[in-house]
Amino acid sequence: MNALQAISKLLNHTRTENGDIAYKTSGSACLDFFSLCGGMRRNLPDLEKLFAKAYAENPLLAIKILFYMRNIRGGLGERNSFRELLKELSQFSPDVAKQVVCAVPEYGRYDDLLVLFGTPAQDEAIALIKNQIEKDRKAMENKEEVSLLGKWLPSINTSSKESVAHAKILMAALGMKAVEYRKLCSALRREIKIIEDNLRRKDYTFDYSKQPSQAMLRYRKAFMRNDEKRYKEFLNKVVEQQEKKSRGEEIPEEEMVKLNTQTLYPYQIVEPFTRWNAERLTEEQELPLEASWKSLERGSFDSRTIVVRDGSGSMYRTSEPSPINIATSLALLFAEQLEGAYKNSFITFSEKPELIQIPENCDSLKKKLDFIKKFDDVSNTDIAKVYQLILDVAKNAEIPKEEMIERILIVSDMEFDCCSSTDSSFEFIKKKFEHAGYELPEIVFWNVAARSAHLPVTQNEKGVKLVSGASAAIFEDVVSGDLKSMTPYDFMLQMLEPYSEFDKIRIA
């Protein structure tokens with residue numbers, strides 16, 4: 001390192017809330033945006049700055065990250081953040097915003113397009129909606145399946161002024177009067193068979209297995225109140241079958257009872273158990289949550305990965321969603337999917353690290369969460385002690401190399417304690433591993449609450465990945481790739497490979 005490089009590094013230093021050395025930037029604005037965007041629901045001003053810098057550095061890469069952030073199924077699923085940035089894009093680069101309009105419903109929802117009303121990309125958004133309405137009309141005439149557009153069309157009869165304003169813009173574009181527009185919305189929603197119509201009519205003849213994820217969670221109290229017998233039978237069957245699957249038993253496809261959870265965040269299921277009145281939850285209230293948890297999409301990871309869940313005081317901030325609920329849900333769900341010795345185990349840390357090994361008799365989500373609570377000390381964020389614990393384990397000569405921890409997944413807000421006046425906690429422990437003659441496991445930093453834009457490493461640090469957010473959809477990606485040579489930047493490029501359709505965008 002020469003003098004200029006040393007100066008540049010020092011000027012890039014910043015501090016976490018608890019005094020640890022961190023970096024203002026990874027060295028790549030796109031990587032900064034990629035690695036923090038999922039944790040910035042409550043920090044939109046900084047998120048907008050990150051996006052603008054990323055776009056200035058590499059417009060195509062920034063657009064790919066934007067849609068990775070929105071991707072409901074294979075990405076982070078961040079709706080509001082995406083909408084704010086899409087609106088920003090339409091202002092500072094309207095030509096590009098117009099070109100990506102067609103991809104919005106593919107990765108998100110049709111109502112994401114409404115944020116473009118009143119922007120330079122309004123005409124393109126309306127044109128897409130009009131075109132889909134015509135397709136859906138023809139589909140209805142031919143008794144074919146329609147799109148989900150009707151579900152997300154803004155209502156003209158609602159207390160929401162914004163929705164009414166959007167509906168009026170659409171009505172004008174479609175050349176419709178209010179009564180015609182209402183009839184169109186009603187006809188499309190009948191075809192889609194949205195659950196809200198059934199609830200309004202108190203019609204409980206629908207098939208629970210065909211209802212969308214968020215609706216099943218949102219209306220669980222109404223289902224239990226008005227259709228208790230049928231609803232409980234459905235949920236009990238789901239739980240029974242999922243438990244059989246977890247034991248390796250096969251269930252014929254025609255007998256499978258499915259509870260949709262595809263777009264649920266794990267924390268949404270955990271959160272009701274952490275409220276102040278959680279002890280009062282009845283068995284009927286717990287059952288839908290238990291069935292949802294067991295129905296979350298799972299893989300089987302034959303990986304020597306230890307999950308590290310931050311249980312410090314800053315994780316208990318009252319923002320919704322609470323960072324601790326995101327961290328707990330991700331740590332638990334990931335640990336459940338590991339195979340071998342690491343299954344159902346993770347480390348929690350605050351002032352000191354503790355190993356949580358979920359006992360076999362904790363056979364429900366509530367029991368598991370109650371067990372985890374016993375380990376919380378809700379104090380500071382001493383990540384260095386976790387690293388030291390892993391090093392001490394590595395020094396244990398009785399552990400064969402092929403059984404040693406190969407990856408540490410840290411789920412945190414990244415506001416670590418200071419452990420050195422000159423090095424970050426990561427650099428400090430990396431040197432300790434090197435001096436002891438041991439190889440540092442791959443480190444995955446998963447940021448669940450980026451209150452400020454700083455990073456624990458820079459872009460070329462080998463054996464490190466940077467991710468963020470609350471979605472479990474990226475678990476499989478996190479445990480893939482070369483442990484030794486992959487850098488945060490390499491990992492970002494790997495994650496963005498499925499978004500090659502955006503390479504055709506023309507940048508003025």
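Work out the P(r) tail for region 161-226: percent of alpha carbon pairs separated by more than 21 Å, whole number. Don't jump to the answer; show the numbers that get you there.
Details: 875 of 2145 pairs.
Distances greater than 21 Å cover 41 percent of the Cα pairs.
Per-residue HN-Hα couplings for region 485-496, Karplus 6.51 cos²θ - 1.76 cosθ + 1.60 at θ = phi - 60°, whole Hz, x for Gly and Pro?
Each residue's phi maps through the Karplus curve to give 9, 5, 9, x, 5, 4, 5, 4, 4, 4, 5, 8 Hz.
What translational diffusion coefficient, to the nearest whole µm²/s, does region 1-81 have by Stokes-Einstein, given a Kirkwood radius computed over alpha-carbon pairs, a temperature of 20 °C and 1.002 mPa s viscosity?
Numbers: Rh = 13.9 Å.
Estimated via Stokes-Einstein, D reaches 154 µm²/s.
Computed over the Cα atoms of region 85-170, what is the convex hull's projected area averaged over all directions, in nm²?
Mean orientational projected area (region 85-170, Cα hull): 5.9 nm².
If you average the C-alpha positions of region 433-456 and of region 7-34 separately, how far apart do those two centres end up, in angstrom?
Using only Cα atoms to place each centre, the spacing works out to 13 Å.
Got a sec to turn the phi values of region 192-198 into Karplus ³J(HN,Hα) couplings, 6.51 cos²θ - 1.76 cosθ + 1.60 with θ = phi - 60°, whole Hz, x for Gly and Pro?
6, 6, 5, 5, 4, 5, 5
Give the peptides 290-299, 186-195 in descending order of average Cβ contacts within 10 Å, highest first.
Numbers: 290-299: 20.3, 186-195: 16.7.
Order by mean packing, descending: 290-299, 186-195.
Report the label-to-label distance for Tyr438 and Ser379 in nanometres (one decimal), using points 7 Å from each Cα along the Cα→Cβ vector.
Rounded to a tenth, the inter-label distance reads 2.4 nm.
With each pseudo-label sitting 7 Å past Cα toward Cβ, what's the Gln262-Glu497 distance in nm, one decimal?
2.3 nm
Quick one: which residues, 5 or more positions from Arg15 or on another chain, have an amide H under 5 Å from its amide H? H modelled 1.01 Å from N in the peptide plane, none for Pro or chain starts.
Under 5 Å from the amide H of Arg15: Ala22.
I want to check the label-to-label distance for Ala139 and Gln388. Put each point 7 Å from Cα in the C-beta direction and report it in nm to one decimal.
6.0 nm
Mind putting a number on the dipole of region 206-334 about its Cα centre? Charges go on the C-beta only, +1 for Lys and Arg and -1 for Asp and Glu, and I need it in Debye to the nearest 20.
Values: 20 positive and 21 negative charges, 78 e Å.
About 380 debye.
5 Å is the cut-off here: which amide hydrogens, built 1.01 Å from N in the peptide plane, fall below it relative to Val307, excluding neighbours closer than 5 in sequence?
Excluding prolines and chain starts, which carry no amide H, the hits are Ile347, Leu409.
Given R₀ = 22 Å, what would the calculated FRET efficiency be for Asp123 paired with Gln91, taking r from the Cβ atoms and rounding to 0.05? Before the final figure, lay out the partial values.
Working: r = 15 Å, r/R0 = 0.69.
Step by step, r from the Cβ atoms, then E = 0.90.
Quickly rank 304-311, 69-76 as a protection proxy: mean count of other C-beta atoms within 10 Å, highest first.
Working: 304-311: 24.8, 69-76: 20.9.
With the highest mean Cβ count within 10 Å placed first, the list reads 304-311, 69-76.
Any of Lys430/Lys465; Lys24/Lys431; Lys98/Lys504 with alpha carbons more than 20 Å apart? Name them for me.
Pairs exceeding 20 Å: Lys24/Lys431.
From the square roots a ≥ b ≥ c of the eigenvalues of the alpha-carbon gyration tensor of region 53-92, which class results: rounded (a/c under 1.5), prolate (a/b over b/c), or oblate?
Numbers: a/c = 2.95, a/b = 1.39, b/c = 2.13.
Taking the square roots of the gyration eigenvalues as a ≥ b ≥ c, region 53-92 is oblate.
Along each principal axis of its Cα atoms, how long is region 37-111 end to end? Whole angstroms, biggest number first, please.
For region 37-111, the Cα extents along the three principal axes come out at 28, 27, 19 Å.
Please compute, for the alpha-carbon atoms of the chain, the extent along each of the three principal axes and give them in descending order in Å.
If we take the Cα atoms of the chain, the spans are 75, 59, 39 Å.
Can you compute 3J(HN,Hα) from phi for each residue in region 67-80, using the Karplus curve 6.51 cos²θ - 1.76 cosθ + 1.60 with θ = phi - 60°, rounded to whole Hz and x for Gly and Pro?
7, 4, 4, 7, 3, 5, 9, x, x, 8, x, 7, 7, 5
For Lys138, which lysines qualify as cross-link partners when the Cα separation must be under 22 Å and same-chain residues fewer than eight apart are set aside?
Lys130, Lys151, Lys177, Lys183, Lys193
Over the residues of region 27-200, compute the C-alpha Rg and express it relative to 2.2 N^0.38 Å. Before the final figure, lay out the partial values.
Numbers: Rg = 17.4 Å, N = 174, 2.2 N^0.38 = 15.6 Å.
For region 27-200, the normalised Cα radius of gyration comes out at 1.11.
Contour minus end-to-end for Glu360 and Asp423, with contour as 0.36 nm per residue of separation and end-to-end as the Cα-Cα distance? Each step should come with its number before you reach the end.
Numbers: separation 63, 0.36 × 63 = 22.68 nm, distance 4.13 nm.
Taking 0.36 nm per residue and subtracting the Cα distance, the gain is 18.5 nm.
Compute the FRET efficiency between Asn344 and Arg317 as 1/(1 + (r/R0)^6), taking r as their Cβ-Cβ distance and R0 = 35 Å, and round to the nearest 0.05.
Details: r = 28 Å, r/R0 = 0.79.
Taking R0 as 35 Å, the efficiency between Asn344 and Arg317 is 0.80.
Note the angle between two axes, namely the Cα long axis of helix 44-57 and the longest principal axis of the Cα atoms of the chain, as a number of degrees from 0 to 90, rounded to the nearest 10.
That helix lies at roughly 80 degrees to the long axis.
Kindly work out what percent of the DSSP beta bridges joining two residues of the chain are antiparallel, to the nearest 5. Working shown, then result.
Values: 10 of 31 bridges.
Taking every DSSP beta bridge with both residues in the chain, the antiparallel ones total about 30 percent.
Hey, quick one: spin label on Ser300, modelled 7 Å out along Cα-Cβ, who in region 246-266 has an amide N within reach, i.e. under 14 Å?
246-251, by backbone N distance to the label point.
Would you mind putting 156-163, 249-256, 384-391, 323-330 in packing order, based on average other-beta-carbon counts within 10 Å, highest first? Intermediate results must be reported in sequence, preceding the final value.
Numbers: 156-163: 11.9, 249-256: 8.2, 384-391: 19.5, 323-330: 27.0.
The packing order, highest mean first, is 323-330, 384-391, 156-163, 249-256.
What full-extension length gain, to one decimal in nm, is calculated for Asn198 and Glu253 as 0.36 nm per residue of separation minus the Cα-Cα distance? Could you put the intermediate results ahead of the total?
On the way: separation 55, 0.36 × 55 = 19.80 nm, distance 2.75 nm.
17.0 nm is the gain from fully extending Asn198 to Glu253.
What's the center-to-center distance, using Cα atoms, between region 36-103 and region 121-141 in Å?
24 Å
Every number in this text was worked out from the coordinates using simple rules, so none of it is lab data. Predicted, not measured: the structure shown is a model, and the values here were computed from it. As a convention, Cβ positions derive from the backbone with ideal geometry for all residues, glycine included, and neighbour counts pool all protein chains shown.
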